[in-house]
1. With the requirement that a residue be among the aliphatic types (A, V, I, L, M) and either buried (at least 24 other Cβ atoms within 10 Å of the Cβ) or modelled with pLDDT under 95 (or both), what does segment 127-154 give you?
2. Filter segment 65-75 down to residues that are among the charged types (D, E, K, R) and in contact with a strand residue (DSSP E or B) (Cβ under 8 Å, 6 or more places away or on another chain) and give me whichever is nearest to the ligand (Cβ to nearest atom).
3. Could you give me the residue pairs with C-beta distances under 7 Å whose first residue belongs to segment 207-222 and is modelled with pLDDT of 85 or more, whose second residue is surrounded by fewer than 19 Cβ atoms within 10 Å (Cβ to Cβ) and part of a strand (DSSP E or B) wherever it lies, and which are 6+ apart or on separate chains?
4. Tally up the residues in segment 70-80 that are surrounded by fewer than 19 Cβ atoms within 10 Å (Cβ to Cβ) and modelled with pLDDT under 95, please.
5. Show me the strands (runs of 3 or more DSSP E) entirely contained within segment 155-231 in which 1 or more residues are away from the ligand (no atom under 16 Å from the Cβ), surrounded by fewer than 19 Cβ atoms within 10 Å (Cβ to Cβ) and basic (Lys, Arg).
6. List every residue pair whose Cβ atoms lie under 8 Å apart, where the two residues are 6 or more positions apart in sequence or sit on different chains, the first residue falls within segment 110-133 and is within 17 Å of residue 95 (Cβ to Cβ), and the second residue, located anywhere, is part of a loop (DSSP other than H, G, I, E, B) and not acidic (Asp, Glu).
7. Which residue is surrounded by the fewest Cβ atoms within 10 Å (Cβ to Cβ), if the candidates are limited to segment 42-64 and must be over 20 Å from residue 183 (Cα atoms) and within 13 Å of the ligand (Cβ to nearest atom)?
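The values are calculated or read from the model by the stated rules, or taken from the named source; none is laboratory data. Note that the structure is a prediction, hence the values are computed from the model and not measured. Methodologically, a virtual Cβ is constructed for each residue, glycine included, from the backbone with ideal geometry; neighbour enumeration extends over all protein chains shown.
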Amino acid sequence: MNSPLDNKRYAGPSLRAERVTKSFVTGRVRTSVLHEVSLELHAGELTLISGPSGCGKSTLLAILSGLQKVDSGEVFALGDKLDDLGQRELERFRLAHTGFVFQGFNLFPALTALEQVELPLHYLGLPSREVRERALRSLDEVGVAHRASLRPTELSGGEKQRVAVARAMAKEPELLFADEPTSALDAANGQMVIDLLHRIARTHGTTVLCVSHDPRLLGHADRVLAMEDGRILSDQRHTPELAPGRSNQEISSL
Ligand SMILES: Nc1ncnc2c1ncn2[C@@H]1O[C@H](COP(=O)(O)OP(=O)(O)OP(=O)(O)O)[C@@H](O)[C@H]1O
């Protein structure tokens, strides 16, 4: 097995789940959330997992990203079996190879947009100059470089989510996970964020996995997995409605 800290360009499916089951026990009640879910995800694609509230989307994302353990079954990320990694190795794997975008942005109130993006790069141990260059490049890529010195209270919802995307991308992760990234946004900003995630998948070869119950996103993914009651019911490929020529200036105007 490769070391989990190797720079990974894995030729097979970047994420693979084999007959994954998961249940939660609350008091005396056991809730089965995932029933033998199997899937393969590939680099350079935006895959959307859609389905009604409570069907297990976030649990599946948490398992595929190593945040939660399976009850049975196996998960492979960039060729590594996640269950074989110890807690420390898993944390290092996630730091080096994964990025996350959440519904609530998860920005630190006291930090400027630039500092939010720089923070994980410092954790990676990169030299200060590279940290600054990468963070500025990442903010520029999502169209908010002109907001670099502002704190979250001074940013719109769409700008906050774009800073969160920049923070996730600055590490140049192979795997990018987004849990309901557009739920707190209006239609125009929601579309902008999903198109950004799609563009990132295409231009960086990133595996982007997005879970959402927002039907407006369906047309913006390369692939849609429809979930219900802890099972994947369908797996469809799309030609996404994308605006590839959108400039950063246009993005900034939203
Ligand atoms: N830590 C936990 N402890 C107990 N039950 C949990 C836990 N996490 C999730 N569940 C339950 O598992 C089921 C699936 O939850 P999950 O968050 O994966 O669904 P979801 O499809 O992402 O829903 P939503 O769209 O509302 O976020 C729900 O019934 C939820 O209450």
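1. Step one: of segment 127-154, the residues among the aliphatic types (A, V, I, L, M) are 131, 135-136, 139, 142, 144-145, 148, 150.
Listed by number, the residues that qualify are 135, 139, 142, 144.
2. Applying the first criterion (among the charged types (D, E, K, R)) to segment 65-75 yields 69, 71, 74.
Okay, now just the ones that are also in contact with a strand residue (DSSP E or B) (Cβ under 8 Å, 6 or more places away or on another chain), so 71, 74.
Numbers: 71: 13, 74: 19 Å.
Checked segment 65-75; the qualifying residue nearest to the ligand (Cβ to nearest atom) is 71.
3. Between residues of segment 207-222 that are modelled with pLDDT of 85 or more and residues that are surrounded by fewer than 19 Cβ atoms within 10 Å (Cβ to Cβ) and part of a strand (DSSP E or B), the close pairs are 222/237.
4. Going through segment 70-80 one residue at a time, the tally reaches 1.
5. Numbers: elements: 175-179, 207-212, 223-228.
Those strands (runs of 3 or more DSSP E) span 223-228.
6. Pairs that qualify, where the first residue is within 17 Å of residue 95 (Cβ to Cβ) and the partner is part of a loop (DSSP other than H, G, I, E, B) and not acidic (Asp, Glu), are 116/107; 116/108; 119/108; 119/111; 120/171; 121/171; 124/171.
7. Residues of segment 42-64 that are over 20 Å from residue 183 (Cα atoms), as a first pass: 42-45, 63-64.
Filter again for within 13 Å of the ligand (Cβ to nearest atom), leaving 63-64.
Details: 63: 24, 64: 28.
My answer is 63.
Let's see how each residue does on (1) among the acidic types (Asp, Glu); (2) in contact (Cβ under 8 Å) with a residue 60 or more places away in the chain:
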{"position": "154", "(1), (2)": "yes, no"}
{"position": "159", "(1), (2)": "yes, no"}
{"position": "163", "(1), (2)": "no, no"}
{"position": "174", "(1), (2)": "yes, yes"}
{"position": "191", "(1), (2)": "no, no"}
{"position": "195", "(1), (2)": "yes, no"}
{"position": "202", "(1), (2)": "no, yes"}
